[in-house]
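J.: This structure is in structure tokens; I'll ask about it shortly.
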Amino acid sequence: MEIRIVKSMSKIERDDWKPLESRNFPFTDYDFLASLERSGSLGERTGWFPHFFAAYVDHRLIGALIAYLKTNSYGEYIFDWEWANGFHHHQIPYYPKLTSSIPFTPATGTKLLLHSDYDQKEIREEVDKALLSLVKSSSCSSIHHLFIPQDELQAWQGSGYHLRYSQQYHWHNHAYQCFDDFLAKLKGKRAKEVRRERRQIAEQGVAIELLTGDSLDQMASDRFYQFYLATLDKKHGLDYLTQEFFRLVFQSMQDRIVLCVASYEGDWVAASLSFQKGDHLYGRYWGSTASFRSLHFELCYYQMIDYAIAKGLKLFEAGAQGRHKIQRGFVPSWTYSAHKIFHPAFDRAIAEYIREEKRILDQAMEEDQNRSPYRPFISEKSPC
């Protein structure tokens with residue numbers, strides 16, 4: 001087995017990569033990763049430099065770890081700024097570091113893609129050796145695997161990584177037949193609030209439509225980009241993604257994208273962009289150029305829950321953070337990362353940091369679980 005460090009998706013054939021792609025996770029698709037590069041969303045401007053660890057047997061690609069050499073901590077959503085500050089305070093470089101993650105995407109899914117016809121344990125072990133080799137040659141301070149699935153925790157911990165817990169809010173489809181079926185499972189007050197928020201959309205004269213497939217043309221991508229910029233302006237965020245990125249994914253990933261558009265008097269005033277693959281749905285971006293009550297909740301939550309129910313999807317991840325999601329049917333969920341620090345003193349300090357952080361998060365998780373919007377289980381006929 002040969003492990004090659006590939007610094008651009010353009011060096012890998014699309015047909016060779018396709019058999020490795022995840023069944024439910026669109027962000028490891030060749031087209032998504034290639035669009036990030038081709039659009040100028042990576043590199044010096046944002047501090048993400050592709051370093052894919054590709055495993056070959058007889059020139060056949062049998063596995064790959066998606067990773068990036070990082071010169072900052074922007075766009076990761078697992079925050080290590082305090083760690084970096086600690087390094088810098090002692091005049092020890094924290095960057096570069098090696099991060100296995102999907103740029104600007106706080107969504108859970110494997111970044112270690114393995115061909116089912118080969119020994120997956122062997123591929124993992126060889127990739128891990130190659131990671132350590134690159135760390136030495138590049139003077140990296142650390143390795144970070146972000147938003148990893150739960151079934152990978154034991155393997156990374158066994159390789160000497162510290163496991164770190166974070167929290168998001170996810171929606172699960174319990175075989176709902178329609179949106180009213182979902183509402184029937186909520187506590188009365190919560191269901192009433194959701195109905196009121198949805199009613200406000202029509203009362204304000206806002207029209208909603210979902211665009212998929214051939215409807216996702218360049219005009220749609222360019223209009224959505226303006227909404228993306230509007231959100232960044234409001235939050236003083238960084239424009240990691242370029243206009244060309246949206247043009248490329250709207251063209252190459254039409255079968256993965258769900259664009260939810262709000263119009264007022266015939267003009268687009270807001271939109272949300274989600275990605276679907278298999279039975280999972282991921283809400284990623286949203287923006288608006290006008291203010292309407294409850295519009296964010298309608299585009300980013302309720303319309304996507306409606307869509308997930310109609311399509312029989314099992315999971316909807318609506319992005320990072322947001323305790324307000326609980327009262328709208330989302331439940332607190334753990335997310336996971338794994339970290340290896342190569343400075344002995346900082347390794348011990350960060351291990352203690354992670355243990356204390358987990359203790360605090362356990363309390364927050366318990367509080368959130370006690371705020372569940374769902375009624376105790378009652379077997380009853382669907383209202384649909």
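J.: If I ask for residues that are out of contact with any Asp or Glu (no Cβ under 9 Å at 6 or more places or on another chain), in a helix (DSSP H, G or I) and under 17 Å from Gln303 (Cβ atoms), which ones from the range 192-214 would you list?
T.: Glu193, Val194, Arg195, Arg196, Arg199, Ala202, Glu203
J.: If a residue must be of a type in the set (Lys, Arg), buried (at least 17 other Cβ atoms within 10 Å of the Cβ) and assigned to a helix (DSSP H, G or I), how many such residues does the range 110-126 contain?
T.: Residues that pass the stated criteria total 1.
J.: With the structure loaded, tell me whether Gly75 is under 19 Å from the mean Cα position of the chain (by Cα), on the phi > 0 side of the Ramachandran plot, buried (at least 22 other Cβ atoms within 10 Å of the Cβ) and not acidic (Asp, Glu) or whether it fails that test. Quick ask: steps written out before the conclusion?
T.: On the way: under 19 Å from the mean Cα position of the chain (by Cα): yes; on the phi > 0 side of the Ramachandran plot: yes; buried (at least 22 other Cβ atoms within 10 Å of the Cβ): yes; not acidic (Asp, Glu): yes.
For Gly75, the condition - under 19 Å from the mean Cα position of the chain (by Cα), on the phi > 0 side of the Ramachandran plot, buried (at least 22 other Cβ atoms within 10 Å of the Cβ) and not acidic (Asp, Glu) - is met.
J.: Select from the range 301-337 the residues that are surrounded by fewer than 19 Cβ atoms within 10 Å (Cβ to Cβ) and of a type in the set (Lys, Arg) and write down the one among them that is nearest to Cys178 (Cα to Cα).
T.: Ranking the candidates gives Lys311 first.
J.: Check the range 341-363 and report whether any residue there is hydroxyl-bearing (Ser, Thr, Tyr) and over 21 Å from Pro149 (Cα atoms).
T.: Within the range 341-363 (the criterion being hydroxyl-bearing (Ser, Thr, Tyr) and over 21 Å from Pro149 (Cα atoms)), the answer is yes, since at least one residue qualifies.
J.: Which condition does Gly158 not pass, out of (1) surrounded by 15 or more Cβ atoms within 10 Å (Cβ to Cβ); (2) of a type outside the set (Lys, Arg); (3) more than 17 Å from Glu76 (Cα to Cα), if it passes all the others?
T.: It fails just one condition, (1).
J.: Just checking, does the range 246-259 include any residue being in the same structural domain as Ile208 (by TED's automatic domain parsing), at pLDDT 95 or above, closer than 19 Å to Gly322 by Cβ and more than 19 Å from the chain's Cα centre (by Cα)?
T.: No: the range 246-259 contains no residue that is in the same structural domain as Ile208 (by TED's automatic domain parsing), at pLDDT 95 or above, closer than 19 Å to Gly322 by Cβ and more than 19 Å from the chain's Cα centre (by Cα).
J.: For the range 135-154, which residues satisfy the criterion of being at pLDDT 95 or above and surrounded by 14 or more Cβ atoms within 10 Å (Cβ to Cβ)?
T.: Passing the criteria: Cys140, Ser141, Ser142, Ile143, His144, His145, Leu146, Phe147, Ile148, Pro149, Glu152, Leu153.
Yes or no, residue by residue, for (1) surrounded by fewer than 16 Cβ atoms within 10 Å (Cβ to Cβ); (2) over 27 Å from Ser35 (Cα atoms); (3) in contact (Cβ under 8 Å) with a residue 40 or more places away in the chain:
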site: Phe227; (1), (2), (3): no, no, yes
site: Gly237; (1), (2), (3): yes, no, no
site: Val258; (1), (2), (3): no, no, yes
site: Ser263; (1), (2), (3): yes, yes, yes
site: Asp267; (1), (2), (3): yes, yes, no
site: Leu281; (1), (2), (3): no, no, no
site: Arg293; (1), (2), (3): yes, yes, yes
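J.: Out of everything in the range 269-279 that is buried (at least 17 other Cβ atoms within 10 Å of the Cβ) and in contact with a strand residue (DSSP E or B) (Cβ under 8 Å, 6 or more places away or on another chain), what residue ends up being farthest from Asp306 (Cα to Cα)?
T.: In this case the residue turns out to be Val269.
J.: Does any residue in the range 329-349 that is part of a loop (DSSP other than H, G, I, E, B) come within less than 8 Å, Cβ to Cβ, of a residue that is charged (D, E, K, R) six or more places away or on a different chain, and which pairs are these?
T.: Gly329/Arg190
J.: Go through the range 252-295 and report how many residues are touching a helix residue (DSSP H, G or I) at 6+ places or on another chain (Cβ under 9 Å), part of a strand (DSSP E or B) and among the polar types (S, T, N, Q).
T.: Selection size over the range 252-295: 4.
J.: If the Cβ limit is 9 Å and pairs must be 6+ apart or interchain, which residue in the range 356-375 that is closer than 20 Å to Val194 by Cβ and in contact (Cβ under 8 Å) with a residue 12 or more places away in the chain pairs with which residue that is surrounded by fewer than 13 Cβ atoms within 10 Å (Cβ to Cβ) and small (Gly, Ala, Ser)?
T.: Matching pairs, first to second residue: Arg375/Gly188.
The values are calculated or read from the model by the stated rules, or taken from the named source; none is laboratory data. Quick caveat, the model's predicted, so the values are computed rather than measured. All Cβ positions, glycine included, derive from the backbone under ideal geometry; neighbour counts span all protein chains shown.
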